[in-house]
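Working notes, beginning with the structure itself.
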Ligand code: SF4
Ligand code: SF4
Ligand code: SF4
Ligand code: SF4
Ligand code: FES
C-alpha cells in the first residue's frame, strides 16, 4: 500500500488548519483593534513578546499593533483554571465545544483558495462542494444547542434555543440565495455542478455580485446570521444573556467556541468571495494576470486572501456600527423578508435565465 | 383624672386657647401647647432665678375698666388685650386665667437674637472639642437665633479651662453661661451648697467655696443639667461623642429606689448612664454611684461558659446535669434580690418542683441617703415577695444554711447570683455539697460549683424590678452579653421545664409574664410589652406589715406608701 | 409647555429597507476609524487632576506641625460607608498644644470602604481632613488598607491654616496673662 498520498494530504490538511486558525486568531486581534479604533481607543497595545518585543523600533511597533496579543490570549486560554460548574450535564458539556469546533474546521476542506495552472488549490475539490459546505457548517449549531442545554442554567439555555431557531430560519434563505449563482454559473452544457472551483472559474469575466446583487445581499445577511455575528448575535447577546450559550464555559473550552466562531467568519468570508466576489479572479472585465506555475498559485492565493480579509473587515465594521436586533425582529426578518425575497429572486432568475437561453443562445 | 378638668384655666398662646392647671409655669404651658420657649436657666425641678433672659416672650392680659371693673370690649366684640410694652420672661410667669403670650413674634425673635449674641460674645469656639456638642442648648438655639458670624472684634475673655470642681466634675469656665442651675442643684437638691459665682460682669466665674469640693454623691447631675459644656464628667470626658450613643431605658440596680436610667452605648459598649425623668421616682436625678455600675460588665472576671465540674458544655447539658442533681432532693435554694421578677418567679417554680427544704434571699444593706439611695441595696426584694419566692425579709447571713449543710440535711444548693462564701457559708463547707451556681462573675462559690450557668447583667437582658414603692419597672437590654451566654430567663426556663416536664421553656420575659398573669393575682392584666415607661404600681398591701428597712427618699415615704397601697388596692 | 410633540413620519420605502441608514452608520464608523484616539494611556500618561478633585482622604497638619484634627468625630458620623474610626484622646496639660485639649488617639480610615464622597472634608470644623490627589491605592490585605493616623498624616502633609483659631486663642491667653 502506498501511504504517500495519504501523508501528503495529511500534511496539507494540517497546514491548512494551522493557517486558518492563525488567521482566526488574528481576526480576534483585528476585531479588538477595529473596535478600539472605531471607538477612539487604541485596542490591545501592551503585550510584549520577550526578545522580539525588545527590538528597538520594530519591537515597540509590533507591540503597539498588538501583534503578540493573540499569543497571550491563546496561552491564557490554555493555562487558565478550568472550572466545571456542578450543575452541568457533563457528557454534553464536554461534547459541545468539540461539536462547535469540528465542523468549523471541516468546512475548509472544500474551499478553493487559489488556482495553479488551471487547477484549483483546495484540499478536496468535490463536485458537490457547496452542498458539503452547507451541510457541515450547519452542524456547528449543534455545538451551540448542546452547550446551552448541558449547562443547565437559564441564560445558556435561552442562548441555545435562539441559536437553533436562528440557524433554521436563515439556513433556508441562504440556500435559496446561492442557487441563482449556480444557475448562472451552469450555462447549458457546462460541467460546473455544485463545485466551488467551477463557480469561480465562471466568474472570470464578471463577478457574480454584479449579476446577482440581490442574491449577494441575501447571502451576506444570512451569513451574518449563520455566524452569529452582530447584529444577529442572538445566542450570545451579552447585554441580555450574560454570555449566552457559553456562559458556563471557561478556559480552553470557551476558547474552542471562540476560535470556531472566528473560523466560521473566515470560512464564510471565503465562501462569499468564492461565490460572489470572483474568488481569485483579478478585477471584473480584466483577465487574471497570474502567471503559470507556483508563482501564479501564490499570487492568486494572496489575491483571494486579500478579498477574504476585506470581507472579514466588513464583518467587524458592521459589528461596531449596528446595534443588535431584537430576537423577534431577527425572526421576522428571516421568515417574512429574506425567505420570500430569496424565493422570488430564485424564481425570477430562473425565468430570466430560461428566456435568456432561449432567445439569445 | 375626672374632676380635675374643672380646675383648668384657659391660657392663650400665640392666639390659641389651651387649658392648663392654674399656676403652671409658662415654659411648661407652652410645652404642653406644643411650642418651645427657649430657656437656659429654667429647670423644671429647680427654683426659678430668671437670669439668662432667653425665655423672653410678649405678655398680655385682658383689660378691664378700672372704674367699673367691666371688661373692655374691642370692635370685634372681644375683650381687649393689654400687651405689656416690654417682653417678660416666661420662666418666672405663671399661668392665670386669660393670660396671653406670644412666643414667636418679631419682638420676641429679636430679643432672642440679642440674648444669643450676648451669650456668644465670650463663648469659645469649642464645639469640636466640647463634650456637650450634640446635646447643647447653646448650639441648638444658636442655630435658631444666632447671627452666624461675630461682630465682636476684641479678644474673647480667657478663663481657666480645666478646673476640677471635684473628683468627678471638670469645669471649663469659658463655656459657662452663668445660668446657675448647678448652684441651685447643689443647694436645693443635693443639699450640699458648695458652688457660687465670683467676680463681676463678663469676668464672673463659677467656683467652689473656699476649702470645699463638689464631691457629693449627686455631683454628676450638675453635668447633666448644665445647658452647655461648662461642666463635664471626668469619667466620660472625651470618650465618645453623644450623637453616637444609643439610649436604652433601664433601671438602676444600685438600691431599691429603682432610679430610671438611660444606658448610653455604642456598638455594644456602654459609655455612660444618664438619668431618665420619672417624676414619681427620681425626677431627673441619679446618684453618681449608680452611674459607674456598668464598669464591671466588661472584665475578665465574667463567666462565659456553661460548665460541669469545670469542663465546658452547652446550656442543655448543664441544665440536664443540674436537674439530675436537684432531683436527688435535699435542696436549698438561694435566690437574689438582684434578679429580675421573671427570674425570681422561675426560681420559685424550680424550688417548688424540687420541694426545696429552704429558700432564702441574701440581704444587702447600706445607709440610705434620703434621696435616691435607699438602705436596701437589693433592687428587687419586693419582686421576690410577689412571686412567692420568699415570704419574709432576707437576712445578710445564711447561718441556717451553713448548719444545715453541716448536719447533712442539705445536699444540693442552687445559688442564683449570690456568692455564698460572702454570707456566712465557708468554702470548705460548700465543697461538701453539690452547688449549682448561676452567676455573671467568677467567685468562690463559682469555683466550687459542680454546675455553673453564666448569667447576664442588668445591662444585657430584659426584665422588671419592683422598687420600694411596689412600682414595677422594666429594663431593656442595652448591649449584647458575652458570646454564647443566653439570657437568664432562658437557662432557668430550660432547667424548669426539665424538672416539671413541661413543654416549651420561655425565651423572654413576655413568656414568663403570660404565665405570671394567671399565677399571681397582682400581676393579672399586665403584659411585659405594655408596662409603661414610668412603671406601674403593684398592689403590695399584703406585705406592707413587713419591717422594710428603707427610710424616706425623694418620692418615698414609708408611712405614706401604706396609704398609696391602700388606694391601689381599692381601685383594683 | 416645556415639551413639544413631534409628528412621527412614516418611513418611506428606502428607509424601510434600513439600507441607507446602515450605510450612513458605516460611513460614520469608518470616519471614526481614522480619528485621533482619545484614550489616556494611564500608567504612562497621568491625567491632569482638576481643581477640587476628590482623591483619598488624608489628615493634614498646620504650618507649625500641629495636628489639626481634634477628634470631634463629625467625619466619623457623616461618613456614609462608615469608613472612619476615631478614638478620641486628651492632650495632656503640659503639652505644647494643651489649649487644644483634644486630639485623636487613633484615627483609621478604611480605604476599602471609603467612597471618596468628600463629606468628611466638608464637615470637618477644623479643616483637618482633605481629599487630595492620590487616586490609586493597592495593598495585599484588608488590614493593610485600613490606614492608621500616622499614614494619613504622612500622606496629608501640611496645609496653611487660614483661620489660625488656636493660634489666636493662645495669643489671647498670653495677652490676658500679661495684663494680669
Ligand atoms: S457649650 Fe455648646 S456651644 Fe459651647 S462649645 Fe460646647 S457645644 Fe459648643
Ligand atoms: S456651669 Fe453650667 S450649670 Fe453652672 S452656671 Fe455655668 S452654665 Fe450654668
Ligand atoms: S470621603 Fe466620604 S467615604 Fe471617604 S472617608 Fe470621607 S466621608 Fe467617608
Ligand atoms: S471632622 Fe475633622 S476635626 Fe473632626 S475628627 Fe474628623 S478630621 Fe478630626
Ligand atoms: S429661662 Fe427664663 S430667664 Fe433663663
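The mean count of C-beta atoms from other chains within 10 Å of the C-beta of residues in C:94-100, rounded to a whole number, is 1. With Rh defined as the Kirkwood radius, the inverse of the mean 1/r over Cα pairs, the Rg/Rh of chain B is 1.06. Note on segment B:306-566: the alpha carbon radius of gyration divided by the globular reference 2.2 N^0.38 Å gives 0.98. Taking the C-alpha atoms only, the angle from helix A:90-106 to the longest principal axis of chain A is near 40 degrees. Of the Cα atoms belonging to segment B:9-116, the radius of gyration and Dmax stand at 14.3, 44 Å. When chain A is treated as a GNM, springs tying every alpha-carbon pair under 10 Å, which of A:209, A:14, A:110 comes out with the largest mean-square fluctuation? Looking only at A:209, A:14, A:110, the biggest GNM fluctuation is shown by A:14. What do the square roots of 5 times the Cα gyration tensor eigenvalues come to for the protein assembly as shown, in whole Å, largest first, as semi-axes of the equivalent ellipsoid? Over the Cα atoms of the protein assembly as shown, the semi-axes work out to 89, 43, 32 Å. Computed over segment C:57-160, the P(r) curve from all C-alpha pair distances, binned at 5 Å from the origin, holds 2, 13, 24, 27, 19, 9, 5, 1, 0 percent per bin. Hey, for a label at residue A:71 modelled as a point 7 Å past Cα toward Cβ, could you say which residues of segment A:46-62 have their backbone N under 15 Å away? The answer is A:46-56, A:58-62, whose backbone nitrogens lie closer than 15 Å to the label point. Can you bin segment B:89-188 into rounded, prolate or oblate? Criterion: square roots of the alpha carbon gyration tensor eigenvalues sorted a ≥ b ≥ c, rounded for a/c under 1.5, prolate for a/b above b/c, oblate for the rest. Taking the square roots of the gyration eigenvalues as a ≥ b ≥ c, segment B:89-188 is oblate. Counting Cβ atoms of other protein chains within 10 Å of each Cβ in A:36-46 and taking the mean gives 4. A Förster distance of 22 Å, applied to the separation of the beta-carbon atoms of residue A:127 and residue A:332, puts the FRET efficiency at 0.05.
Considering only alpha-carbon pairs that sit under 8 angstrom and 6 or more positions apart, the relative contact order computed for chain A is 21 percent. For segment A:63-120, a Kirkwood radius taken over Cα pairs fed into Stokes-Einstein (20 °C, viscosity 1.002 mPa s) yields D = 138 µm²/s.
Each part gets one Cα centre, and for segment A:237-260 versus segment B:423-498 those centres are 62 Å apart.
Grouping the Cα pair distances of segment B:390-448 into 10 Å bins from zero gives a pair-distance distribution of 23, 58, 19, 0 percent in increasing distance order. Reported to the nearest whole Å, the Cα centre-to-centre distance from segment B:515-571 to segment B:331-362 is 21.
Under a Gaussian network description of chain A, with springs only between Cα atoms under 10 Å, the residue in A:35, A:100, A:151 that fluctuates furthest is A:35. Most simply put, segment B:253-377 has about 75% antiparallel DSSP beta bridges, counting only bridges with both residues inside it.
Measuring spread by the Cα atoms of segment B:173-262 yields a radius of gyration and Dmax of 15.0, 45 Å. On the basis of the beta-carbon distance and an R0 of 56 Å, residue A:119 and residue C:5 show a calculated FRET efficiency of 0.25.
Across segment B:100-255, the fraction of Cα-Cα pairs farther apart than 28 Å, rounded to a whole number, is 27%. Shape analysis of segment A:233-361 yields a ratio of the Cα radius of gyration to the Kirkwood radius, Rg/Rh, of 1.09.
Computed over segment A:275-339, the range of Cα coordinates on each principal axis works out to 52, 25, 18 Å, biggest value leading. Between C:85, C:16, C:54, the GNM of chain C built on Cα springs shorter than 10 angstrom shows C:16 fluctuating the most. Percent of alpha carbon pairs in segment C:29-70 separated by more than 12 Å? So the portion of pairs separated by more than 12 Å is 77 percent. Fewest-first ordering of A:64, B:86, B:241, B:302 by other beta carbons within 10 Å of each residue's beta carbon gives B:86, A:64, B:302, B:241. How large is Rg/Rh for segment B:201-304, to two decimals, with Cα atoms and a Kirkwood Rh? When Rh is taken as the Kirkwood radius, the ratio is 1.01. Between the beta carbons of residue B:162 and residue B:327, assuming R0 = 60 Å, the FRET efficiency works out to 0.45 to the nearest 0.05. On the principal axes of its alpha-carbon atoms, segment A:82-180 has extents of 57, 30, 15 Å, going from largest to smallest.
The order of the peptides C:33-43, A:339-349, A:243-253 by mean Cβ neighbours within 10 Å, most packed first, is A:243-253, A:339-349, C:33-43. The alpha-carbon positions of segment A:7-112 define a convex hull whose volume is 183 Å³ per residue.
Peptide B:157-165 has a mean shielding of 3, counted as Cβ atoms of other protein chains within 10 Å of each residue's Cβ.
How high is the relative contact order of chain B, in percent, with contacts defined as C-alpha pairs under 8 Å that are six or more residues apart? Here the relative contact order equals 11 percent.
Here chain C is treated as a sphere whose radius is the Kirkwood value from Cα pairs; by Stokes-Einstein at 4 °C and 1.567 mPa s it diffuses with a coefficient of 61 µm²/s.
Of all DSSP beta bridges confined to chain B, the antiparallel ones make up roughly 70%.
Starting from the 7 Å offset along Cα-to-Cβ, what nm value, one decimal, do you get for the label separation of residue B:215 and residue B:47? Placing both labels 7 Å along Cα→Cβ, they lie 2.7 nm apart. Once you divide the Cα radius of gyration of chain A by 2.2 N^0.38 Å, the number left is 1.04. When DSSP beta bridges are limited to those with both residues in the protein assembly as shown, what percentage is antiparallel, rounded to the nearest 5? Roughly 75 percent of the beta bridges in the protein assembly as shown run antiparallel, per DSSP. When its C-alpha radius of gyration is set against 2.2 N^0.38 Å (N residues), segment B:493-537 gives a value of 1.31. Across segment C:57-160, the mean sequence separation of Cα contacts (distance under 8 Å, 6 or more residues apart), normalised by length, yields a relative contact order of 39 percent.
Values quoted throughout were computed directly from the atomic coordinates according to the rules given, and no laboratory measurement underlies them. Predicted model, so just to flag it, every value in this text is computed and none were measured. For neighbour counting, all protein chains shown are included, and Cβ atoms are generated from backbone atoms with ideal geometry for every residue, glycine included.
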